Amino acid sequence: MSASLATQRLLAAVLAAGALVGAAAVPAAAHDDDRRGHHGRHSSIVIGDVQYDSHGRGRDNRALNREWIEVKNTGRNAVNLRGFTLTDQDGNRYRFNHLRLDGHSSVKVHTGNGRDTHRDVYQDRRHQIWDERDTATLRDDRGRVVDTESWGRRGHHDNHRR
């Protein structure tokens, strides 16, 4: 009987240890799933630097092209930005046409007129859109928010990565 009692105690200890290990693993997995669901999928496409014209509201093309938003690909693989949109808080929207953004590269989205290249694209607007206090929102081709950048609050840039 003592062998049976020792076996039962050993089995109980193994089961208790297994239950503790299993209980510790469950919250970590739930936390990971919750984090992904709350923030959405990770994207290598982000908003980089922002340049708005704080020295006046010039309407000539040179002044318009002094304001821009940089869109960066922080990943290794190229991404086609076709259908991606960039908007300000007033609802002004720029939609990317076919533009392949190589890995670890960037493109500046200028407000004025110009000839699009792989490093600079132009919104062809006649008025500045980026205010001293504004928010740029980048969405993918399905309309999902990829990144936002706000500035002019408390005197510095506020990044909001998703």
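We did not get these values from a lab; they are worked out from the coordinates using the rules stated. It should be emphasised that the depicted structure is a prediction, and the values quoted were computed from it without experimental measurement. Heads up, the Cβs are rebuilt from the backbone with ideal geometry, glycines too, and the neighbour counts pull from every protein chain shown.
A few comments on the model shown:
- Residues with amide H under 5 Å from that of V146, placed H, sequence gap 5 or more: L138, R139, D140
- Cα gyration tensor category, rounded, prolate or oblate, for region 102-145 with a/c compared to 1.5: oblate
- Potential lengthening between N92 and R59 on full extension [0.36 nm per residue; Cα-Cα distance subtracted]: 10.2 nm
- Efficiency of FRET from Cβ geometry, L99 and R133, R₀ 25 Å, rounded to 0.05: 0.30
- In order along region 98-106, the Karplus-derived 3J(HN,Hα) couplings, from 6.51 cos²θ - 1.76 cosθ + 1.60 at θ = phi - 60°, round to 4, 9, 8, 9, 4, x, 6, 9, 8 Hz, and Gly and Pro are given as x.
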